[in-house]
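What follows is a short report on a single structure.
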Amino acid sequence: MVDTILGSNNMDITQLQTFVRVSQYGSFTKAGEQSFISGTAVMKQINRLESELNLQLFTRTATGTKLTIEGQKFLPYVNQILSLLDTAIEETRRAGLSGQNIITVGTSILHPADPFMDIWKKITAQMSDFQIRIVQLQEDLQSKNREYAMLGKNCDLIVGTFDNSTLKQSFNAITLGQYDFGIAVRSDNPLARLSKIDFTDLRNQKLLSVPMGISEKNDQLRKLINSEYPDIEVVETTGRYDMNTFNQAVEENIPLITVTPWKRIHPNLVSVPLETDIHVPYGILTTKFPGSNVDRFLLELSKIISSKTSFVHSQDISHF
């Protein structure tokens, strides 16, 4: 399969990246929005790719696109190729900087590196032996934990939540603070005009949420809803949030449980703080065995953070 892909005469990486986006968003138009090109341009790229491979990768319908059996078979190979390319580029760049201690920080829409980078700007002088490089992560659509699967492969660390027992067992974590819960609603929804939202404001409405068992803190919210607000109809996503979840909230005008770093994830959604004492811990995540260079970085970082006790317990990173 790899030989077939690489052997095509006119194929380029952009076509493969576009194929992945269309498979993710189920629409030429939505994939185009993510690539900042028109839906027509996306469609032309896919048509050309299918012609070069002599395969039909998508079934076109009036409501969007769906992977064919051939497309489903093709997708994991394309993800492997793009991941391998990213690794090759990163390793090549590292070879040119072998005398420096480079720490790569992964970032994506759902796992932005901003909370850590705001801290890093203030402590750079104390950790002058290290340099930070930001790596844009592609979602691993075959992985249950998406960007978490990139740790140790495409990046040394990411910023994320760790209120799940499975994640706690699989990764090392340094706490940076807490994310607040909010309710994301479409900008024309009456709830968008509120300064805060209480669960009483959501009575007799639908509410989008991840299923039980994914987030311990989200599970606490769900149990509270089930026991005290049974007239709220919880609509579960198929798993962890992706961009389709936020698009669904907009298209169906359904309020969505969200957290601090996703405030501006969709231009048509307004995030209103949720009145609750439940918060989600977040921080730096690495693999269990990240290597000596990263270990030393984490040790020095931990010493600095532990000396800033007011920050560790604060929800506002500006307090650091």
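If you check PHE297 against the conditions, is it under 30 Å from ASP156 (Cα atoms), more than 20 Å from the chain's Cα centre (by Cα) and surrounded by fewer than 17 Cβ atoms within 10 Å (Cβ to Cβ)? Break it down into steps so the answer makes sense when it comes.
Details: under 30 Å from ASP156 (Cα atoms): yes; more than 20 Å from the chain's Cα centre (by Cα): yes; surrounded by fewer than 17 Cβ atoms within 10 Å (Cβ to Cβ): no.
The answer is no for PHE297.
Identify all residues within segment 174-195 that are open to solvent by 20 Å² or more (accessible area, probe 1.4 Å) and of a type outside the set (A, V, I, L, M); write none if there are none.
Hits for segment 174-195 are THR175, GLN178, ASP180, ARG186, SER187, ASP188, PRO190, ARG193, SER195.
Mind checking which residues of segment 226-253 are aliphatic (A, V, I, L, M), within 21 Å of TYR25 (Cα to Cα) and open to solvent by 10 Å² or more (accessible area, probe 1.4 Å)?
Taking segment 226-253 and keeping what is aliphatic (A, V, I, L, M), we get 232, 234-235, 243, 249-250.
Those still in the list that are within 21 Å of TYR25 (Cα to Cα) too: 235, 243, 249-250.
Residues satisfying the conditions are VAL235, MET243, VAL250.
Among SER310, SER318, SER292, which is the only one that is under 21 Å from HIS111 (Cβ atoms) and modelled with pLDDT under 90? Break it down stepwise before answering.
Values: SER310 fails: under 21 Å from HIS111 (Cβ atoms); SER292 fails: under 21 Å from HIS111 (Cβ atoms).
On inspection, the qualifying residue turns out to be SER318.
Limited to segment 61-101, what total is found for residues that are within 23 Å of the chain's Cα centre (by Cα), aliphatic (A, V, I, L, M) and at pLDDT 90 or above?
The number of residues fulfilling the criteria is 3.
Do the conditions hold for LYS223, that is, is it at pLDDT 95 or above, open to solvent by 30 Å² or more (accessible area, probe 1.4 Å) and closer than 23 Å to ASN164 by Cα? Steps first, answer last, please.
Working: at pLDDT 95 or above: yes; open to solvent by 30 Å² or more (accessible area, probe 1.4 Å): yes; closer than 23 Å to ASN164 by Cα: yes.
When the stated conditions are applied, LYS223 passes them.
So LYS217 clears everything in (1) touching a Pro at 6+ places or on another chain (Cβ under 9 Å); (2) open to solvent by less than 20 Å² (accessible area, probe 1.4 Å) except one condition, right? Which one?
Among (1) touching a Pro at 6+ places or on another chain (Cβ under 9 Å); (2) open to solvent by less than 20 Å² (accessible area, probe 1.4 Å), LYS217 violates only (2).
Would you list the strands (runs of 3 or more DSSP E) that sit entirely within segment 205-290 and hold 1 or more residues that are among the charged types (D, E, K, R) and in contact (Cβ under 8 Å) with a residue 12 or more places away in the chain?
In segment 205-290, 206-209, 233-236 are the strands (runs of 3 or more DSSP E) which contain 1 or more residues that are among the charged types (D, E, K, R) and in contact (Cβ under 8 Å) with a residue 12 or more places away in the chain.
Within segment 81-95, work out how many residues are of a type outside the set (Val, Ile, Thr) and surrounded by fewer than 15 Cβ atoms within 10 Å (Cβ to Cβ). Working first, answer last.
Filtering segment 81-95 for residues of a type outside the set (Val, Ile, Thr) gives 82-86, 88, 90-91, 93-95.
Subset that is surrounded by fewer than 15 Cβ atoms within 10 Å (Cβ to Cβ): 84-85, 88, 91, 93-95.
Counting residues in segment 81-95 that are of a type outside the set (Val, Ile, Thr) and surrounded by fewer than 15 Cβ atoms within 10 Å (Cβ to Cβ) gives 7.
Provide a single number: the residues in segment 13-40 that are of a type outside the set (Val, Ile, Thr), surrounded by 13 or more Cβ atoms within 10 Å (Cβ to Cβ) and without any contact (Cβ under 8 Å) to a residue 40 or more places away in the chain. Working first, answer last.
As a first pass, look at segment 13-40 and keep what is of a type outside the set (Val, Ile, Thr): 15-17, 19, 21, 23-28, 30-36, 38-39.
Narrowing the set further to residues that are surrounded by 13 or more Cβ atoms within 10 Å (Cβ to Cβ) leaves 15-17, 19, 21, 23-28, 30-35, 38-39.
From what is left, the residues that are without any contact (Cβ under 8 Å) to a residue 40 or more places away in the chain are 15, 21, 27-28, 31-33, 35, 38-39.
Total satisfying the criteria: 10.
What's the total number of residues in segment 54-80 that are crowded, with 17+ Cβ neighbours inside 10 Å and part of a helix (DSSP H, G or I)? Outline the logic, then answer.
Looking only at segment 54-80, we keep the residues that are crowded, with 17+ Cβ neighbours inside 10 Å, and these are 57-58, 65, 67, 71, 74-75, 78-79.
When the remaining residues are screened for being part of a helix (DSSP H, G or I), the result is 71, 74-75, 78-79.
Total meeting the criteria: 5.
The values are calculated or read from the model by the stated rules, or taken from the named source; none is laboratory data. Since the model is a prediction, treat every value here as computed from it, not as a measurement. Note: ideal-geometry Cβ built from the backbone for every residue, glycine included; neighbour counts use all protein chains shown. Each accessible area value is taken on the protein alone, full model and side chains, heavy atoms only, with ligands, DNA and RNA left out. Shrake-Rupley method; radii C 1.70, N 1.55, O 1.52, S 1.80 Å.
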